[in-house]
1. Would you rank Trp69, Trp212 by solvent-accessible area, highest first, keeping every protein chain in place and using a 1.4 Å probe?
2. Under a point spin-label approximation (7 Å from Cα along Cα-to-Cβ), what is the Lys179-Asp70 distance to one decimal in nm?
3. Figure the gain on full extension for Gln51 and Ala94 (residue separation times 0.36 nm, minus the Cα-Cα span) and round it to one decimal in nm.
4. Could you give the length gained on full extension between Ser108 and His223, defined as 0.36 nm per residue of separation minus the Cα-Cα distance, in nm?
5. Pull up all non-local amide H partners of Val190: gap of 5 or more, or a different chain, and H-to-H distance under 5 Å with H placed in the peptide plane.
6. What's the ranking of 180-190, 120-130 by average number of surrounding C-beta atoms within 10 Å, highest first?
7. Under a cut-off of 25 Å between alpha-carbon atoms, report the lysines in cross-link reach of Lys204, not counting same-chain residues fewer than 8 places apart.
8. When the accessible area of segment 23-100 is computed with all protein chains present and a 1.4 Å probe, what percentage of it is carbon and sulfur?
Amino acid sequence: MSPDASAKTGVPQPARVFDASERQALYDIINARRDVRNEFRPDPIDLAVLQRILAAAHAAPSVGFMQPWDFLLIRDPKRRADIHAAFLRANAEAEEMFEGERKSLYRSLKLEGILTSPLNICVTCDRTRGGKVVLGRTHNSNMDLYSTVCAVQNLWLAARAEGVGIGWVSIFRPEDLRKLLGIPDHVEIVAYLCAGYVDELYPKPELEVRGWRKRLELESVIHEEGWSEL
């Protein structure tokens with residue numbers, strides 16, 4: 001049976017088997033992904049590359065196949081300057097939440113690339129998409145938000161494979177972004193991303209390199225059969 005005929009009848013096809021080099025490429029991309037703040041090149045992302053990255057995001061799994069995400073592409077310098085100003089206000093508030101050496105280290109970190117990256121992407125979740133009752137969201141109303149985060153991860157990994165860096169900026173008052181981008185009340189802001197080609201990246205996550213936190217050992221976060229022994 002041809003793939004097209006199989007798709008129409010709903011008959012499963014043999015699962016593709018990936019060879020060792022393909023599997024390794026995926027793991028390499030995952031381990032090479034970084035949260036980029038200061039390494040962006042100014043040249044615009046090729047439109048075909050951007051289309052592939054967004055298609056990868058749109059291929060993410062979603063509860064009830066509701067596909068709740070939208071991608072707002074932001075290039076206008078004035079709009080980005082306004083968003084950057086909103087970040088600065090929130091960042092000044094965040095800085096005051098730390099004390100002593102931690103505060104000094106926080107102040108030294110560059111936590112966004114809103115103006116230096118050629119493209120900003122706001123990823124949202126339309127919580128009404130799919131109707132009032134969504135398969136799989138009947139007992140956990142946040143499943144649409146989790147689905148949108150899956151789209152962000154797909155986008156991030158596809159971008160890394162294309163030589164495009166992504167930085168997630170989370171230090172905003174949501175109401176500021178909502179007003180600046182005209183986002184309706186029923187749509188949730190999930191991620192504000194900075195995107196651009198990169199030539200250099202840290203060998204490890206920057207916060208690990210700068211001494212903010214160390215990576216936890218894998219064994220410390222694995223539990224068998226439950227949170228603790230029963």
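The values are calculated or read from the model by the stated rules, or taken from the named source; none is laboratory data. This structure is a prediction, so every number in the text was calculated from the model and none was measured. Neighbour counts run over all protein chains shown; Cβ positions are idealised from the backbone, glycine included. Calculation scope for accessible area: heavy atoms of the full protein, side chains included, ligands and nucleic acids excluded. Shrake-Rupley method; radii C 1.70, N 1.55, O 1.52, S 1.80 Å.
1. Heavy-atom accessible area, descending, gives Trp212, Trp69.
2. Going from the Lys179 label point to the Asp70 one covers 2.0 nm.
3. That pair, Gln51 and Ala94, stretches by 12.0 nm at full extension.
4. Between Ser108 and His223, full extension yields 37.8 nm more.
5. When sequence neighbours closer than 5 places are left aside, the close amide H contacts are Val123, Thr124, Cys125.
6. Going from most to least packed, we get 120-130, 180-190.
7. Partners within reach: Lys103, Lys110, Lys214.
8. After summing per-atom areas, the C and S share lands at 57 percent.
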